[in-house]
Structure formats: C-alpha cells, structure tokens
Amino acid sequence: MNMPRLFTLLLLLATTWGVVSAQKYMHVYPNSGDKDTYEIANVARIDFTQEGIQVITDADGGKIYAFTDTRKITFNNSTAVTELKQDAATMTLYHPKGSDFVYVRGWDGQQATAVRIYAVNGANVITLRNWNGEPIDISALAAGIYIITVDNKSTKFIK
C-alpha cells in the first residue's frame, strides 16, 4: 500500500473514531521527534497532495507534512460525544433520517456561537459564525458521515 493511501486510511479511521469520542486536538508527529498540535475547531481542512498532508487552519495557508517525514497523526479523545454541553444545560443533536436539517436541542440561543460541519476527509463543509440555535440546513451536503462542532463540542451524524 502506498504512503498517501495509508495516511488517508489512518486519517479516516481516526476521524470515524469520533463515533465514540470527540476530537479536540489533532497532533502531527514528524520524524524529527517534534509534535505540532492543532485545535480541531481551527482547522479549515486537511488536504492530501503529492507533497504530503497539508493542514490548513483559519489563521494561515497551511503546513505540509511530507508522507515520508511523518511518523503519525493522532486525535485527542478526551470528550464524550453522546451529548453537547453548554454550562449546566445539556444539548443533544437530532437529525431525522432523510431530513435536510440538523437540530440541536437544549441550546438557549441567548449567546451566538460558531457551528462547523466537517466531512470525514477533514474538509470544513459548513461554517455558521453567529448561530443562535436555529435548525441547520444540510441540504447541500451529499450523503455521508459528518462531524459537527458546536461551541468546541463535537459529535457525528449521518446524512
């Protein structure tokens, strides 16, 4: 198996691990022994190019990690994703099968927050910067598995 396919497979496996727990940080370990850490909420997308893996954040044009110089990529699995929390209130994600909307129950809507939806390949497919609790339109998304982040809490849903 060639290196790009191996890294793609590893990234997909790590991303789908979000079924069990949410990822708050992504860690890239180059062969040099250093570690680069990215907060998932700030990662706009992850591209697989001929040169390697490119991590693009909201703040910069990205950094490329050559396949041959990258030891491993991990995700910090520290937050359970069975529920989203806003202070003491519990929030739950609800996506009726076949619906073009995702609903988050329990968000009081008094304070706007950011919502991001990522495809399993790491691409940020929807960003709502000032979300107040209204249903989220996902009609433009193809069928698949997605990760939604609300106020830095993440869970997955299937469209």
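What does the charge count near ILE145 come to, summing +1 for each Lys or Arg and -1 for each Asp or Glu among other residues with Cβ under 11 Å from its Cβ? Numbers along the way, then the final one.
On the way: positive: LYS156, LYS159; negative: none.
That sum, taken over residues with Cβ under 11 Å, equals +2.
Using r as the Cβ-Cβ distance of ALA143 and GLN50, and R0 as 41 Å, what FRET efficiency do you calculate, to the nearest 0.05? Intermediate values should be presented prior to the final figure.
Values: r = 29 Å, r/R0 = 0.70.
Plugging the Cβ-Cβ distance into 1/(1 + (r/R0)^6) gives 0.90.
Compute the orientation-averaged projected area for the stretch 96-159 from the convex hull of its Cα atoms and round it to one decimal in nm².
Working: hull surface 16.3 nm².
Mean orientational projected area (the stretch 96-159, Cα hull): 4.1 nm².
From the backbone phi of the stretch 126-138, what are the Karplus-calculated ³J(HN,Hα) couplings (6.51 cos²θ - 1.76 cosθ + 1.60, θ = phi - 60°) in whole Hz, Gly and Pro given as x?
9, 10, 10, 7, 10, 7, 10, x, 6, x, 9, 6, 10
Distance cut-off 26 Å, Cα to Cα: go down the list LYS72/LYS97; LYS24/LYS63; LYS24/LYS159; LYS63/LYS97; LYS97/LYS153 and report the pairs above it.
LYS72/LYS97; LYS63/LYS97
Every number here is computed from the coordinates shown, using simple stated rules; none is lab data. Remember, predicted model here, so these are calculated numbers, not experimental data. Neighbour counts are summed over all protein chains in view; Cβ atoms, including those assigned to glycine, are modelled from backbone coordinates with ideal geometry.
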